[in-house]
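> Below you'll find the structure I mean.
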């Protein structure tokens, strides 16, 4: 019986190992039981892949087949860094992960925990990878850290976020057992809660040669074989391999349901000191002392110990001295009734150096598992010097049964270091834990995943074999919990809902290969029908399986004992429990379909207590009409996953390909969704031993690695040629070892870190003669932004950091001439202002902000432009950059609103009034910069208001200015092209192509007409487009709906811009009821070479779309897509010319204008590198080109809508209704857009009302987080 009370009792709960030819218990047991060894010459494939020089005189050793494979992407490393990490450390990383998985834990469960890492150093004179590198590569920081011995433990702690101590133990051959001893006492003293202990041993460089005196110490066998205790013993052979054990306090392990493989009962260490004839000679008396001390501490006698794993190096003198030391310990505690067996695993694998005792421990565990003593490989007859007469020891020379008997099996292990440090440890086999007593689940969800298809196939094979070995004893419930809640979930997935072990075995036998991962983005629809009853036993089963179900039933039982639940109440609880499980998993339904009692459950799940829900259905319900199939088909998205929480109901019969609750989580998981399985199931109650997904290794080896140093001068690197973008990209590819790198990649996201970042910066600074810092690299979003920063700082590629040409002047563009003409007709002061404002979260230093603005003014010529009249034509004049300066005015506002909403509205109104103060194009410059102190009742904040003149800056121009305010001017280089270049190019284009452009627009607009929107008031003398002095109606489309719109656009091979525009066309059709809708659409007007410029490029186009109410929205979108592509391909004809072709006269091009743009201001944006956070204030335009102007601003993940209107035509209430209808229409597009008819889509009640008229007291709508729901009949009462 295992005693759990002792704090020194430490459990081995996770194990991972790798030796030549075996990395699992089956292959290890087969090799040990057969008494085979793995000694051979280095494999050809290993020699070829590592560049080892071969010879005919190689000595045998225990070689690992491949040491170049590594899944560096799993650990977030670049290939370049991974190639320079010593392969021992790489194998250790992967084996540490496997040991954690073997214990039934996902690495993330231990991340951030007080878990220690203790590693046995490989020490000695053996080469590290660093020793094999060329001299040039050795000078890199990555090469030095890649072979640093201190990182044996520290690297694991870093990558797995283990926050206990990380230590490397080097006592030569006894390192592992000393490290395990230290871990044991750290656990006993409470210094850590768990510990990973292990290491890895291998030989790098050219293979060792045969010799009669191999090492000068008489230790290494000249024939490459290790024969412990045998008469032919002539020394040891080297071996390779290693691994890790995860250890915890025994009491903690049993509490947590861990699988305990063995228990450390006693351990001791000591030192030979001067009791020997020399530094390398062993001391039998010291060995006797350390063995006796460990046995005393374990509380066992020699009679209890059935097997001793000896140090057993196979030397002529060492083995007899070890037997002498054991004899001394046995003489004081031996009982004649029992004689322990003695052997050494070095006969099988060779000497693993500091990890020798690890291999011995794996042998002990294999013997515990098999209930057998395995033979000593190669043993024929005892070494005559052993002096075994009278010593109660038996050399293991055959397979011997090792029955457990009434007491546990005990084994001991010795490890004696060449350093003189000795260690001995006593192990008891782990206890057999019974299955926990709890309600049996009716079905179990079994999940497997891997990082590639080969790994998944191996998972299936291993689990199938495990089940087949003991189907009756296989704990299916525990396995399901571990495989779901105790595992990482990788992209390649399989899963089944099974009822018993036979069912699982059948699924595993017929499992099809998974050739590619799945990543579903389709919406999830949840159905809740009019369920009549669920048996109480079924509810208990579900509560035993799912935490959410258990919570719901527990709350219900507090209100009403379960024996008194009516059939309707049980049905309601079943639905509430299922909804709770889905919520725990992290699945947010896009739509809830409810019928009858399902409507009651849906309302209860949105904040109502379970007790109140039970009370509401305490009385029998009235008759419920059948669900409306037509209504269902009109609201159900065509491409979705339907989860039916009430299978067998009338609603279920109408659902296409619905997934019942029992299979829903499995199906959603197989779609690639990230479910929170621990929230669903809780922590596994019993962490049984199960297969662990192998990592996806790639060949990862430095091509220059070779043990012989170069004598010739290294080849000079080839010069990098091309643009700055080309050179920066090539350098980054070289530093990271990623030839497929693109400028859109983020440095830190592809294995970049401080070391290789510093290396890249050094190369960049040397190549371009600049002085950039590694923080410049880290803080920029991608390599393109970094290349831009390099270009801004590199004088040989960018002659000046800003445009410092002398003052110049030039003609106006067509857009500017149109603005100039509009200025003469404007009835509103400041009609051509282009304002933008940022609300600051924190105080900005006015001097720093002024300098930042000045740098932008000097960089962009149009921020220094002003208008000058000449006898021939108006001209724009550019002031010299070197004398330009942004004058930052100070201003103050007082806000007195009582609520936050009132204050926000008042702030916008006052800032809008300031923004409307006219800016003259003749000013030098025609820009106003103001830093406004806004005094709220409880605090003071600042607003940066920038007012441009539309003549010089368009909608996209101020976006560019704000983008560089946030990122810093150095993030993008000074433009080499200027706005004057665009003006000249435009004149050439219109000279050459004006005829063809005019012909297109003439044909396109033939027959079109201006259709006004129904006005609330009439006016004589024409329509005034003067702006409202109040804020515009605004709405925000939440991130979830925005994502669904993007996904819908992708499926329809369109853009978000096109989807939003098509929805606007549909709404306009509903308002005017005309067969054709005409919309003015704003176009950025920038060619790719003009993207870096600030200026006035924008143009207004006219889009015509015929609308048929019976067509689907997808059909309408196809029309809008075609018209958008057609008009945008002819966008270079100026709007005033398009207007003349359309013959609009004084009327606008269309009754509405649609503007779609992004904003650089996101939720985490700041002014410069360390300035205050900023929020974009959406100001009201001072003037507009149409009576109704919709602006769609893509803001981070959200979409913001602003509807500007002419107060002379519409009331604010009318415009607000239109905006809300447009928002609701977009929500329906996100859910139903593909197949729904336009007439149904614009029907504002189609998805908001009950489709069969409900009772007056029934709730019509079930809302989820996205605000969409449909109740298909009156609710059950």
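Rule-based calculations on the coordinates, nothing more; no lab input. What you are looking at is a predicted structure, and each value in this text was computed from that prediction instead of being measured. Neighbour counts are summed over all protein chains in view; Cβ atoms, including those assigned to glycine, are modelled from backbone coordinates with ideal geometry.
> Take the eigenvalues of the Cα gyration tensor for the range 338-451, scale each by 5, and report the square roots as semi-axes in whole Å, largest first.
Values: eigenvalues 252, 77, 43 Å².
With the √(5λ) rule applied to the range 338-451, the semi-axes are 35, 20, 15 Å.
> What whole-number value in cubic angstrom gives the convex hull volume per residue for the C-alpha atoms of the range 10-429? Walk me through the intermediate numbers first.
Numbers: hull volume 57.6 nm³, N = 420.
Considering the Cα atoms of the range 10-429, their hull volume per residue is 137 Å³.
> Also, I was wondering about something else. Calculate the all-directions average of the projected area of the range 724-793's alpha-carbon convex hull, and give it in nm². Could you put the intermediate results ahead of the total?
Values: hull surface 15.0 nm².
With every direction weighted equally, the projected area is 3.8 nm².
> Another one. Just order 415-428, 256-269 by mean Cβ neighbour count inside 10 Å, highest at the front, would you?
Put in order of decreasing packing, that is 415-428, 256-269.
> What order do you get for 192, 226 when you list them from fewest to most C-beta neighbours inside 10 Å?
On the way: 192 22, 226 34.
Ascending Cβ contact count within 10 Å gives the list 192, 226.
> Arrange the peptides 1098-1104, 575-581, 1111-1117 so that the one whose residues have, on average, the most other Cβ atoms within 10 Å appears first.
Values: 1098-1104: 22.0, 575-581: 25.7, 1111-1117: 20.4.
So the order, starting with the most tightly packed, is 575-581, 1098-1104, 1111-1117.
> Right, next: Arranged from highest to lowest average of other beta-carbon atoms within 10 Å per residue, in what order do the peptides 1037-1044, 98-105, 882-889 appear? All intermediate terms of the calculation are to be shown ahead of the outcome.
Values: 1037-1044: 19.0, 98-105: 26.0, 882-889: 15.2.
Top of the packing list down: 98-105, 1037-1044, 882-889.
> Stretched out fully, how many nm does the piece from residue 317 to residue 1051 gain, at 0.36 nm a residue minus the Cα gap? It would help to have the intermediate numbers written out before the result.
Numbers: separation 734, 0.36 × 734 = 264.24 nm, distance 7.69 nm.
Gain on extension, residue 317 to residue 1051, equals 256.6 nm.
> Using the number of other C-beta atoms within 10 angstrom as an exposure proxy, rank 1089, 814 with the fewest first.
Least to most surrounded, the residues fall as 1089, 814.
> Quote to one decimal, in nm, the extra length available between residue 1126 and residue 933 on full extension: 0.36 nm per residue of separation minus the C-alpha distance between them. Write out the running numbers ahead of the final one.
On the way: separation 193, 0.36 × 193 = 69.48 nm, distance 4.77 nm.
Taking residue 1126 through residue 933 to full extension adds about 64.7 nm, to one decimal.
> Over 21 Å, how big is the tail of the calculated P(r) for the range 809-981, in percent of all Cα pairs? If you can, show how the numbers build up before the last one.
Values: 7674 of 14878 pairs.
Here the long-distance tail beyond 21 Å is 52 percent of all Cα pairs in the range 809-981.
> Above 17 Å lies some portion of the pair distances; for the range 1076-1132, what is it as a whole percent of all C-alpha pairs?
Values: 737 of 1596 pairs.
So the pairs more than 17 Å apart make up 46 percent of the total in the range 1076-1132.
> I've got another one for you. Computed FRET efficiency, Cβ-Cβ of residue 562 and residue 1073, R0 56 Å: what is it to the nearest 0.05? Write out the running numbers ahead of the final one.
On the way: r = 58 Å, r/R0 = 1.04.
Here the calculated transfer efficiency is 0.45.
> Quick check: convex hull of the Cα atoms in the range 601-647, volume per residue, rounded to a whole Å³?
Working: hull volume 5.8 nm³, N = 47.
Per residue, the Cα convex hull of the range 601-647 comes to 123 Å³.
> In whole angstrom, how far apart do the alpha carbon centroids of the range 926-972 and the range 92-167 sit?
A separation of 49 Å, based on Cα centres.
> How many nm is it between the label spots at residue 369 and residue 1006, if each spot is 7 Å from the Cα in line with the beta carbon?
8.3 nm
> Shifting gears a bit: Expected output is a single nm value to one decimal: the length gained when fully extending between residue 619 and residue 1016, i.e. 0.36 nm times separation in residues minus the C-alpha distance. What is it?
On the way: separation 397, 0.36 × 397 = 142.92 nm, distance 5.13 nm.
137.8 nm is the gain from fully extending residue 619 to residue 1016.
> I need the P(r) histogram for the chain: all alpha carbon pairs, bin width 20 Å from 0 out to the longest distance, whole percents.
9, 28, 30, 22, 9, 1, 0
> Once label points are set 7 Å from the Cα along Cα→Cβ at both residue 920 and residue 841, what is their separation, rounded to one decimal in nm?
Distance between the two pseudo-spin positions: 4.1 nm.
> If one puts a single equal scatterer on every Cα of the range 563-698 and applies the Debye formula without solvent, what log₁₀ I(q)/I(0) results at q = 0.13, 0.19, 0.20, 0.21 Å⁻¹?
Debye curve over Cα of the range 563-698, log10 I(q)/I(0) at q = 0.13, 0.19, 0.20, 0.21 Å⁻¹: -0.68, -1.24, -1.33, -1.41.
> Then there's this: With a Förster radius of 35 Å, plug the Cβ-Cβ distance of residue 823 and residue 608 into 1/(1 + (r/R0)^6) and report the FRET value to the nearest 0.05.
Numbers: r = 60 Å, r/R0 = 1.72.
Computed FRET efficiency for residue 823 and residue 608: 0.05.
> Right, something else. Please report the base-10 log of the normalised intensity I(q)/I(0) for the range 400-527, using a Debye sum with one equal scatterer per alpha carbon and no solvent, at each q in 0.22, 0.23 (1/Å).
Here the Debye-derived log intensity ratios amount to -1.28, -1.34.
> Between residue 877 and residue 985, what's the calculated FRET efficiency when r is the beta-carbon distance and R0 is 22 Å? Round to 0.05. Mind showing how you got there, number by number?
Details: r = 20 Å, r/R0 = 0.92.
That gives a FRET efficiency of 0.65.
> A follow-up question, please. For the range 464-562, count the residues as N, evaluate 2.2 N^0.38 Å, and divide the Cα radius of gyration by that value, please.
Numbers: Rg = 17.8 Å, N = 99, 2.2 N^0.38 = 12.6 Å.
Relative to the rule-of-thumb radius for its length, the range 464-562 sits at 1.41.
> Sticking with this structure for a sec: Would you kindly work out the equivalent ellipsoid of the range 332-387 from its C-alpha gyration tensor and give its semi-axes, the square roots of five times the eigenvalues, largest first in whole Å?
Numbers: eigenvalues 87, 60, 32 Å².
Equivalent ellipsoid of the range 332-387: 21, 17, 13 Å, largest first.
> Just to check, using Stokes-Einstein with a Kirkwood Rh over alpha carbon pairs, what's the diffusion coefficient of the range 915-1018 at 10 °C and 1.306 mPa s in µm²/s?
Numbers: Rh = 18.9 Å.
Result for D is 84 µm²/s.
> Which three extents, in whole angstrom, do the alpha-carbon atoms of the range 73-181 cover along their principal axes, largest first?
So the extents along the principal axes, rounded to whole Å, are 43, 33, 20.
> Taking only Cα atoms, what is the 0 to 90° angle, nearest 10, from helix 567-585's long axis to the longest principal axis of the chain?
Helix 567-585 sits roughly 90 degrees off the main axis of the chain.
> What distance in nm lies between label points placed 7 Å from Cα along the C-beta direction at residue 653 and residue 469?
Between residue 653 and residue 469, the simple spin-label model gives 5.1 nm.
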